[in-house]
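Participant: Below is a structure I'd like to ask you about.
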Amino acid sequence: MSREEAETAENENNWGVEEEEEEQCRLYEAYNELHGLAQAFDTPFDAPAVLVVGHQTDGKSALVEALMGFQFNHVGGGTKTRRPITLHMKYDPHAHSPVCRLLLPSDSSSDYEKPLSLQEIQAYIEAENMRLEKEPCLFSSKEIIIRVEYKYCPNLTIIDTPGLIAPAPGPKNRALQGQARAVEALVRAKMQHKEFIILCLEDCSDWSNATTRRVVMQIDPELSRTVIVSTKLDTKIPQFSRASDVEVFLSPPTCMLDGCILGDSPFFTSVPSGRVGVGQDSVYRSNDEFKKAISLREMEDVASLEEKMGRSLSMQERNRIGVSKLRLFLEELLQKRYMDNVPLIIPLLEKEFRSATRKMNEINQELSTLDELKLKEKGRIFHDLFLTKLSLLLKGTVVAPPDKFGETLQDERTNGGAFVGSDGLQFPHKLIPNAGMRLYGGAQYHRAMAEFRFVVGGIKCPPITREEIVNACGVEDLHDGTNYSRTACVIAIAKARDTFEPFLHQLGCRLLHILKRLLPISVYLLQKDGEYLSGHEVFLRRVASAFNDFAESTERACREKCMEDLVSTTRYVTWSLHNKNRAGLRQFLDSFTGTEHATTGGSGASAGLSQDSSFGSVTSEKDTKSRGDVKLSHVASGTDLTSSIHSTETRLADLLDSTLWNRRLAPSSERIVYALVQQIFHGIKEYFLASAELKFNCFLLMPVVDKLPALLREDLKSAFEDDLDNIFDITNMRRSLGQRKRDAEIEIKRIKRLKDKFISLHKQLSSNQAITAFS
């Protein structure tokens, strides 16, 4: 070959290399822009990237800096990163110092890239950490995106996540335990993206300890897209006493590492300690020194391993040791993913372009409907649709997910109040039908009413003391005798009023809670069917306020009606209403009378003894016993008519003696009062239970069906007449739609430009593959 031909071949080779590097550069920039688009507009696709996952003490930030070739963030214990940091690294041989740009949102068709120094980047990250420390969430999944160009940078996109936390157990560490859960949830959400390569960091010398893998394998159980890295190799080598231990550590058996990890074997890295700077604490004066220290550390690790194992490392083992080997592997792996995904990205971009275009058309359509007549019509249509959803929920539906909107009976008691009696006890919720089911709407209303029947229906009359009976006797206006029927009425209505009134208020609160829950569920159904008036927040708040006011006023009016019934039932005793079970009462009194007769025998002589009506009269023990035993006695056992009449008169006299003239409360009088109170209380309970259920059904549930539509219609009409502009917030609506239109235009431009880039790349790659196959 002549000299001219050799030069021509060399030039063509150089030109081919330059063309390949330019193609790779275009490919890398396109994927970086794709990742930025996904973050800015929450699009459903992600560019391939390396997601770094590890605990706070695994050397995660130090490894990221070693891969970059320069230091930029704090390294050490504690939480140094509260937002994921995305580093779009690009190799630039002419950049002798890192060139960093922070991506910030802007109104143009692309994000604004703000050039910042390393110190400014570090200050921005620290400010974000301090801001999040003061917020309840403590962490944010929104990424900090930094573009870096440097002569030591690989062509990689690395996402550095907050370090996982392993808190100590116990109540003293609850705050740290909460932070650990928040970090793990954030990292798990990031690992869900199928395009991400997970870089799993483990700081252990025994592969049976899977601290970080425990979290990673919850998302990637086969480790099929996970690269495992053992950090701090320089500290682990001295820990091994035998060469066989090192062999197992470098090439762990399959039983120790489940799944098929990327690269088939773990990588092992060491990062030299010390920071870059000019201060007294700084170890390295420049990033070049830091880079050289990393290379030197890698060679020392290889030498230490060979010395410990007593043999030279194979090429396969050397390719797994050191930051440079890991960086090369990740760069090649990511490059392959980029190339393979180009044909798959184009359809996704086309679909997203169509979606963004449709969104733009909907915004234009909304802008065209912002006139008085169309807004009124939209309001009326929404009114009808809202009422339709309410009716559907009351009649029964399964469209709304129970796990999101349903409530178990325990949840319902917590949120809407429980039925609690005067003893402070609750009815066991497990005994109520469907207690464990998550219900809403009409089904939940029916369960609440069933629980009310269970609880109130099972209430027994509270205990009655002798003091209450004596105090209820009082003094009549014409005589000082006792009227035990009046005494029983006084006690029964007082007990019933105190027992049932709290349940009335509790039932109202519970059913009002169930009715108010219909509003958010109806909104969900409207949104699900595409019938929700998004953007008209003032109008929607007015509808919600009108519904809640209606529910509260209707419940209050219904409860007042029930209260009137309870007051009337506990104010005047109507025996035909209150004494439902007179046969039972008669049987009780008959048995009681028979007992008294058997006790007293035939001693009728004491019936004629004088009685003292005063509580303080002094009598002999014999007289007291005689008067007490005479009550309701002398039941005739013969068949003689005269004897029977005499016995009846004697019993009447004895009854008057023990119930009208005598204030010394005998067991017989006490039992009569108790029986009457029980009967009256039972009658009040039955009437209260039936009346309350009927009235709440008629005056709370039914008005939602037959009165609410007219009320909302009148409220809508009044709103339209008062101030239509403020009700629909037309001015703010125009401003909001205008902003949404501008955002949609930016999104469409970015997607179109990116789609054209990937189409061009796909054509170029296909052409190159065809040329390679032909040659």
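Participant: Look through the stretch 343-379, keep the residues that are basic (K, R) and under 34 Å from the mean Cα position of the chain (by Cα), and return whichever of them is nearest to V543 (Cα to Cα). So that I can check it myself, show each step before the final result.
Facilitator: First, pick out the residues of the stretch 343-379 that are basic (K, R): 351, 354, 358-359, 374, 376, 378.
Among the residues that remain, those that are also under 34 Å from the mean Cα position of the chain (by Cα) are: 351, 354, 358-359, 378.
Values: K351: 37, R354: 34, R358: 29, K359: 27, K378: 13 Å.
Here the answer is K378.
Participant: Which members of the stretch 165-195 meet the condition of being open to solvent by less than 10 Å² (accessible area, probe 1.4 Å) and either more than 27 Å from L223 (Cβ to Cβ) or over 20 Å from the mean Cα position of the chain (by Cα) (or both)?
Facilitator: Selection gives M191 alone.
Participant: Please go through (1) closer than 30 Å to V543 by Cα; (2) open to solvent by 20 Å² or more (accessible area, probe 1.4 Å); (3) modelled with pLDDT of 80 or more for Y687 and return the number of the only condition it doesn't satisfy.
Facilitator: All conditions are met except number (1).
Participant: Same structure, new question: Please work out which one of (1) open to solvent by less than 50 Å² (accessible area, probe 1.4 Å); (2) under 25 Å from V64 (Cα atoms); (3) without any contact (Cβ under 8 Å) to a residue 40 or more places away in the chain is the condition Q280 fails and give its number.
Facilitator: Every listed condition holds for Q280 apart from (1).
Participant: Name the pairs whose Cβ atoms lie under 7 Å apart, with the first residue in the stretch 222-233 and of a type in the set (G, A, S), the second open to solvent by 10 Å² or more (accessible area, probe 1.4 Å) and assigned to a loop (DSSP other than H, G, I, E, B), and 6 or more positions between them or separate chains?
Facilitator: Sorted first by the residue in the stretch 222-233, then by its partner, the pairs are S224/G259; S224/C260.
Participant: Something else now. Does at least one position in the stretch 557-565 carry a residue that is within 29 Å of K717 (Cα to Cα) and assigned by the TED database to the domain that holds K378? Write out each step before concluding.
Facilitator: Initial filter on the stretch 557-565 (within 29 Å of K717 (Cα to Cα)): 557-558.
Then keep just the ones that are assigned by the TED database to the domain that holds K378; that gives 557-558.
The answer is yes, given that some residue of the stretch 557-565 is within 29 Å of K717 (Cα to Cα) and assigned by the TED database to the domain that holds K378.
So that you can scan it fast, the table gives a plain yes or no per residue for (1) at positive phi; (2) in contact (Cβ under 8 Å) with a residue 24 or more places away in the chain; (3) surrounded by 15 or more Cβ atoms within 10 Å (Cβ to Cβ):
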residue	(1), (2), (3)
M299	no, no, no
E307	no, no, no
G310	yes, yes, no
M315	no, no, no
K325	no, yes, yes
Q335	no, yes, yes
N341	no, yes, yes
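Participant: Give the number of residues within the stretch 458-486 that are at pLDDT 85 or above and among the hydroxyl-bearing types (S, T, Y).
Facilitator: So the answer is 1.
Participant: Out of all the residues in the stretch 466-489, is one or more basic (K, R), within 16 Å of L507 (Cα to Cα) and either in contact (Cβ under 8 Å) with a residue 24 or more places away in the chain or open to solvent by 60 Å² or more (accessible area, probe 1.4 Å) (or both)? Steps first, answer last, please.
Facilitator: We begin by selecting, within the stretch 466-489, every residue basic (K, R); these are 466, 486.
When the remaining residues are screened for being within 16 Å of L507 (Cα to Cα), the result is none.
For the stretch 466-489, residues basic (K, R), within 16 Å of L507 (Cα to Cα) and either in contact (Cβ under 8 Å) with a residue 24 or more places away in the chain or open to solvent by 60 Å² or more (accessible area, probe 1.4 Å) (or both): absent.
Participant: Taking the criterion of being out of contact with any Phe, Trp or Tyr (no Cβ under 7 Å at 6 or more places or on another chain), without any contact (Cβ under 8 Å) to a residue 12 or more places away in the chain and either open to solvent by less than 10 Å² (accessible area, probe 1.4 Å) or not in a helix (DSSP H, G or I) (or both), would at least one residue in the stretch 138-150 satisfy it?
Facilitator: Of the stretch 138-150, the ones out of contact with any Phe, Trp or Tyr (no Cβ under 7 Å at 6 or more places or on another chain) are 138-149.
Still in the list and also without any contact (Cβ under 8 Å) to a residue 12 or more places away in the chain: none.
No, because not a single residue in the stretch 138-150 is out of contact with any Phe, Trp or Tyr (no Cβ under 7 Å at 6 or more places or on another chain), without any contact (Cβ under 8 Å) to a residue 12 or more places away in the chain and either open to solvent by less than 10 Å² (accessible area, probe 1.4 Å) or not in a helix (DSSP H, G or I) (or both).
Participant: Report whether or not E128 is more than 22 Å from V53 (Cα to Cα), assigned by the TED database to the domain that holds S295 and modelled with pLDDT of 80 or more.
Facilitator: Details: more than 22 Å from V53 (Cα to Cα): no; assigned by the TED database to the domain that holds S295: yes; modelled with pLDDT of 80 or more: yes.
So E128 does not fit the description; no.
Participant: List pairs: first residue in the stretch 176-188 and more than 16 Å from P136 (Cβ to Cβ), second residue in a helix (DSSP H, G or I) and open to solvent by 50 Å² or more (accessible area, probe 1.4 Å) anywhere in the structure, Cβ distance under 8 angstrom, at least six positions apart or on different chains.
Facilitator: R188/Q218
Participant: If only one of I759, I727, I680 is modelled with pLDDT of 85 or more, out of contact with any strand residue (DSSP E or B) (no Cβ under 6 Å at 6 or more places or on another chain), in a helix (DSSP H, G or I) and not aromatic (F, W, Y), which one is it?
Facilitator: I680
The values are calculated or read from the model by the stated rules, or taken from the named source; none is laboratory data. In this text the structure is predicted, and so the values were computed from the model without any measurement. We place every Cβ from the backbone using ideal geometry, glycine too, and count neighbours over all the protein chains shown. SASA here: full protein model, heavy atoms, side chains in, ligands and nucleic acids out. Shrake-Rupley method; radii C 1.70, N 1.55, O 1.52, S 1.80 Å.
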